[in-house]
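Below is one structure; the comments refer to it alone.
The values are calculated or read from the model by the stated rules, or taken from the named source; none is laboratory data. Just so you know, these numbers come straight off a predicted model, no measurement behind them. Neighbour counts are summed over all protein chains in view; Cβ atoms, including those assigned to glycine, are modelled from backbone coordinates with ideal geometry. Side chains included, ligands, DNA and RNA excluded: accessible areas come from the protein's heavy atoms. Shrake-Rupley method; radii C 1.70, N 1.55, O 1.52, S 1.80 Å.
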Amino acid sequence: MKGRAQTTGVAHGMWSLGTIGRLLSRYWTVLALVLAWALWVRTQQLNQIVAPTPAAVFGDVLGNPGAYAADLGWTLVNATVGLALGMLLGLAGALLVWASPLLSGLMTPMALIMRSVPVVAMIPVIARVVGFGTGAVLTITTVVSFFPAFVMAGSGLRAAPAATRDVFTVLAASRLTRLRLLLLPHAVPSLLVALRLTASTAVLSAMLAEYLLGTHGLGQLFAQSVTFMDPARAWGTALVATVVSVLCFIGARAAERHGTARFS
């Protein structure tokens, strides 16, 4: 029994070391950034008001999760709803462009112009149109999510193999049948690429809009922390937003892989 327990302990220790090794090999850059951050604050002898230490920031996040939870929920709702609306409008715009050359000539230049204007420059205009608060945040997140979905969906609708299109032509399939059975399934992988590209951006865009216009969310929490000179909370808010953005990217990438395998 003693020998079996020792063997089990050794195996468990080796498994733990292997797990730690895999985590370090994959995320060593994150650890290096945190160490560089701590070293920079220490060597420059910066005041905590200027730049808090990693220990202060992580301590505030882990020690006061309730202070972040409600605002994080608002930001996730704003980002999710805005992302969904942007994806749907992007797909709808791509379908209109596919259906009508006239609409293609009208919508494509407008979409390019919208994409060329920085988000920060659009925020005052959007606020004047829809007002301040949640409506403006959702509008900004939707606008940011629209263009990638519009471009990638249009590309996917044109990606069906020529041989398959010829089969539908020979069978005298209607445009609706061709769209439903051929073009839309081929557009799904492209839409998932747009989702991967936009998921993390939607979170950061929602946070930016909340910072400038909102009454709730991580952006508003960041603004309040800066106003009341709470650098640990401000940096903690930025840390939470970064982690959530990375997790959204990872989730969108997993959805892309699954969807691509399903529809390819």
Return the calculated 222 nm mean residue ellipticity for the chain, to the nearest 500 deg cm²/dmol, obtained by summing -39500 (n - 2.57) across DSSP H runs with n ≥ 4 and dividing by the residue count.
-29500 deg cm²/dmol
The range 46-196 - Rg and Dmax from Cα coordinates, angstrom:
21.5, 75
What are the principal axis extents of the Cα atoms in the chain, in Å, biggest first?
73, 63, 30
Projected onto the charge dipole of the chain (unit charges on the beta-carbon of Lys, Arg, Asp and Glu, signs +1, +1, -1, -1), the Cα from Leu181, Val117, Trp37 with the largest positive-side position is that of Leu181
Can you work out the accessible area per residue across the range 97-188, with the rest of the protein chains kept in place, probe 1.4 Å, in square angstrom?
57
What's the magnitude of the charge dipole for the chain around its Cα centre, counting Lys and Arg as +1 and Asp and Glu as -1 at the beta-carbon? Answer in Debye, nearest 20.
900
Work through the residues other than Gln224 whose Cβ is under 9 Å from its Cβ and net out their charges, Lys, Arg +1 and Asp, Glu -1.
0
Heavy atoms only, 1.4 Å probe, whole protein assembly: order Trp28, Trp98 by accessible area, highest first.
Trp28, Trp98
Full-stretch length increase - Arg42, Arg128 - with 0.36 nm per residue and alpha-carbon distance subtracted:
26.5 nm
Post the alpha-carbon centroid distance, the range 187-250 to the range 28-50, in whole angstrom.
22
DSSP H helices in the chain with Cα extent of 15 Å or more along the helix axis and mean Kyte-Doolittle hydropathy at least 0.0?
2-43, 65-99, 101-116, 119-130, 134-157, 184-212, 231-263
Carbon and sulfur: what percent of the chain's accessible surface (1.4 Å probe)?
71
